[in-house]
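The values are calculated or read from the model by the stated rules, or taken from the named source; none is laboratory data. Small disclaimer: the values here were computed from a predicted structure and weren't measured. Quick reminder, even Gly has a Cβ in these numbers, built from the backbone with ideal geometry, and neighbours come from all protein chains shown. Heads up: the accessible areas ignore ligands, DNA and RNA and are worked out on the full protein's heavy atoms, side chains in. Shrake-Rupley method; radii C 1.70, N 1.55, O 1.52, S 1.80 Å.
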Amino acid sequence: MLAADDMAARRDLERDWVRQTIAQARYVPQIAKLILPPAPGTPKNWQLYRSRFIEPIRIKAGVKFWQDNQESLIRAEKETGVPAQIMVGIIGVETIYGQQMGSFRVIDALATLAFDFPASHPRALERSAFFKAELEQFLSLTQRTGVDPLTPRGSYAGAMGMPQFMPSAWARYAIDFDGDSRIDLSNSAADAIGSVASYLKAFKWQPGMPTHYPVRFDSDKPDLEPLLINDILPTLSVAKLQAHGAVLEDAALQHSGPLALVELQMGDAPPSYLLGTENFYAITRYNWSSYYAMAVIELGQEVARAMNP
């Protein structure tokens, strides 16, 4: 209730309404379990991860989504420079084009993680503060739009709609793209498309720039540690990559901006590598994972191929 009073004061919301709303939230043990990271020592496996998203059902749904919403995709690409296949990839990875938008009450998910975040998580305090802020955004959003805060459903983390926007992302980046004077990310594919493009544009998507390039190394044991130190953040020049044994192909050699060496682990097999550009990094602002970004990119590519066999 102290948190409720604080949120009400900061957002100029009615104190009793905020208290009554939060009082109706319920702790969900399954949510607390789902938010925990995998057990230490669990190997990442790009091929296994990829197989969850690049599969016939999702590709077929992507083709229908693209065909049904071609006009919105073309307009969003023209206005923002974000390619249609990237928007299609994100919405497909997130919810299979609206088929799986989440079954948890958003108020329950956010309150569970705001007030009872699992203490065993390595970043419990930081994550709890994040979800308190998201709960505050959610209450402000529902009050402003006249939506019953007990009604919306979403993921176990409180993400909503076809593109699975957290409340803060909804407030900052969601747009009315179908022109009906309201933002509906659950039922309006146009709003979802426009909002995904708006999000990536805000994170400095650069029209015409590739997302990544292939790379190989000219020795069996290349000096990778200095190249991997900044993870997916692009900080490496072509010259630095070459100095550490990286072999780049024609298009990558011509790239003038910074690059990141991205490692995709393959379970017990040797990892694979690619060079991520600033556009690859922009996709990871949606979900902080190189595996996620590659799933988005490759699902979009496969849907585009299926559209034009």
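Yes or no, residue by residue, for (1) at positive phi; (2) without any contact (Cβ under 8 Å) to a residue 24 or more places away in the chain; (3) small (G, A, S); (4) crowded, with 18+ Cβ neighbours inside 10 Å:
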{"residue": "P222", "(1), (2), (3), (4)": "no, no, no, no"}
{"residue": "E225", "(1), (2), (3), (4)": "no, yes, no, no"}
{"residue": "K240", "(1), (2), (3), (4)": "no, yes, no, no"}
{"residue": "A251", "(1), (2), (3), (4)": "no, no, yes, no"}
{"residue": "L261", "(1), (2), (3), (4)": "no, no, no, yes"}
{"residue": "A282", "(1), (2), (3), (4)": "no, no, yes, yes"}
{"residue": "R285", "(1), (2), (3), (4)": "no, no, no, no"}
{"residue": "L299", "(1), (2), (3), (4)": "no, no, no, yes"}
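Residues of the stretch 33-44 include none that is in a helix (DSSP H, G or I), touching a residue at least 40 places away in the same chain (Cβ under 8 Å) and open to solvent by less than 70 Å² (accessible area, probe 1.4 Å). Residue count for the stretch 171-182, restricted to those that are surrounded by 22 or more Cβ atoms within 10 Å (Cβ to Cβ) and either under 18 Å from F138 (Cβ atoms) or not aromatic (F, W, Y) (or both): 1. Of the residues P210, P118, P149, P163, the single one that is modelled with pLDDT under 95, of a type outside the set (G, A, S) and open to solvent by less than 70 Å² (accessible area, probe 1.4 Å) is P118.
Name the residue, out of R127, R52, R58, that is open to solvent by less than 30 Å² (accessible area, probe 1.4 Å), closer than 25 Å to Y291 by Cα and charged (D, E, K, R).
R58
Scanning the stretch 117-159 for residues that are over 24 Å from E14 (Cα atoms) and either part of a loop (DSSP other than H, G, I, E, B) or in contact (Cβ under 8 Å) with a residue 24 or more places away in the chain (or both) yields a total of 13.
Condition check ((1) of a type in the set (V, I, T); (2) part of a loop (DSSP other than H, G, I, E, B); (3) modelled with pLDDT under 95) across all residues:
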site: L200; (1), (2), (3): no, no, no
site: L241; (1), (2), (3): no, no, yes
site: H255; (1), (2), (3): no, yes, no
site: I283; (1), (2), (3): yes, no, no
site: W288; (1), (2), (3): no, yes, yes
site: I297; (1), (2), (3): yes, no, no
site: Q301; (1), (2), (3): no, no, no
site: A304; (1), (2), (3): no, no, no
site: P309; (1), (2), (3): no, yes, yes
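No other residue among R10, R50 is in a helix (DSSP H, G or I) and either among the polar types (S, T, N, Q) or under 23 Å from the mean Cα position of the chain (by Cα) (or both) apart from R50.
Does at least one position in the stretch 70-88 carry a residue that is of a type in the set (D, E) and either in contact with a Cys (Cβ under 7 Å, 6 or more places away or on another chain) or open to solvent by less than 70 Å² (accessible area, probe 1.4 Å) (or both)? Checked the stretch 70-88: no residue is of a type in the set (D, E) and either in contact with a Cys (Cβ under 7 Å, 6 or more places away or on another chain) or open to solvent by less than 70 Å² (accessible area, probe 1.4 Å) (or both).
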